[in-house]
Amino acid sequence: MKNEMTLAFDSRSENEGFARVAVAAFVTQLNPTLEEVADIRTAVSEAVTNAIIHGYPDGIHTVVVRALLSEDTIEVWVTDEGVGMEDIKQAMEPLYTSRPELERSGMGFMFMEAFMDQVEVQSAPGVGTTVYMKKTIRQGEAGQEG
């Protein structure tokens, strides 16, 4: 089975919840555990929040979330065409934030990496950023006793 969805929405903070819930609802086709759904929701939330706050600090633009289901895997891409990042490695360090005046914790990428099996970031200054995340759904294996 393959199934795909794409969402495009304004870079408004209130749309973060919409994206998180939409991806969580989409992944239910793979019969994930509640913990897996929570992990995906959190990772999507962090990626979308980063796009809104860091990608587009000076205005409302478009964030795109694409999700692909195949077999037992969900892949998610969160893309903005905002300011981009010069140093991806630095941006992914725990506690680093490009907007300290907003009192952000700088833990977004750490959460994404903790909750997803794979996280990759592509970015270029003035071009934007794409965060790619992948997670294999165990389909209830954790709840089974042998």
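The values are calculated or read from the model by the stated rules, or taken from the named source; none is laboratory data. None of these values were measured; they are calculated from a predicted model. Using ideal geometry, Cβ is built from the backbone for each residue, glycine included, and neighbour counts are taken over all protein chains shown. Remember, those area values only see protein heavy atoms, side chains included, never the ligands or the DNA or RNA. Shrake-Rupley method; radii C 1.70, N 1.55, O 1.52, S 1.80 Å.
Residues checked against (1) of a type in the set (A, V, I, L, M); (2) more than 21 Å from F109 (Cα to Cα):
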residue: M1; (1), (2): yes, yes
residue: M5; (1), (2): yes, yes
residue: N15; (1), (2): no, no
residue: T42; (1), (2): no, no
residue: E46; (1), (2): no, no
residue: V64; (1), (2): yes, no
residue: E75; (1), (2): no, no
residue: E81; (1), (2): no, no
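With respect to I53, is the statement that it is assigned to a loop (DSSP other than H, G, I, E, B) and open to solvent by 20 Å² or more (accessible area, probe 1.4 Å) true?
Working: assigned to a loop (DSSP other than H, G, I, E, B): no; open to solvent by 20 Å² or more (accessible area, probe 1.4 Å): yes.
It is false that I53 is assigned to a loop (DSSP other than H, G, I, E, B) and open to solvent by 20 Å² or more (accessible area, probe 1.4 Å).
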When E36 is run through (1) farther than 10 Å from V131 by Cβ; (2) open to solvent by 30 Å² or more (accessible area, probe 1.4 Å), the failure sits at (2)
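Which is touching an Asp or Glu at 6+ places or on another chain (Cβ under 8 Å), open to solvent by 30 Å² or more (accessible area, probe 1.4 Å) and within 20 Å of T129 (Cβ to Cβ), of T62, T6, T42? Let's see the steps before the verdict.
Working: T6 fails: touching an Asp or Glu at 6+ places or on another chain (Cβ under 8 Å); T42 fails: touching an Asp or Glu at 6+ places or on another chain (Cβ under 8 Å).
Within the list T62, T6, T42, the selection yields T62.
This table checks each residue for (1) on the phi > 0 side of the Ramachandran plot; (2) of a type outside the set (F, W, Y); (3) free of Cβ contacts under 8 Å to residues at least 40 places away in the same chain; (4) in a helix (DSSP H, G or I).
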{"position": "E4", "(1), (2), (3), (4)": "no, yes, no, no"}
{"position": "F9", "(1), (2), (3), (4)": "no, no, no, no"}
{"position": "R12", "(1), (2), (3), (4)": "no, yes, no, no"}
{"position": "V21", "(1), (2), (3), (4)": "no, yes, yes, yes"}
{"position": "F26", "(1), (2), (3), (4)": "no, no, no, yes"}
{"position": "Q29", "(1), (2), (3), (4)": "no, yes, no, yes"}
{"position": "E36", "(1), (2), (3), (4)": "no, yes, no, yes"}
{"position": "R41", "(1), (2), (3), (4)": "no, yes, yes, yes"}
{"position": "A67", "(1), (2), (3), (4)": "no, yes, no, no"}
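Filter region 108-138 for residues that are part of a loop (DSSP other than H, G, I, E, B), closer than 19 Å to V37 by Cβ and at pLDDT 95 or above and give the result.
Kept after step one, since they are part of a loop (DSSP other than H, G, I, E, B), are these residues of region 108-138: 116-117, 125-127, 137-138.
Narrowing further to those that are closer than 19 Å to V37 by Cβ: 116-117, 137-138.
Correct list: M116, D117, I137.
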Taking region 71-107 as the search range and keeping residues that are at pLDDT below 90 and on the phi > 0 side of the Ramachandran plot, which one is surrounded by the most Cβ atoms within 10 Å (Cβ to Cβ)? G106
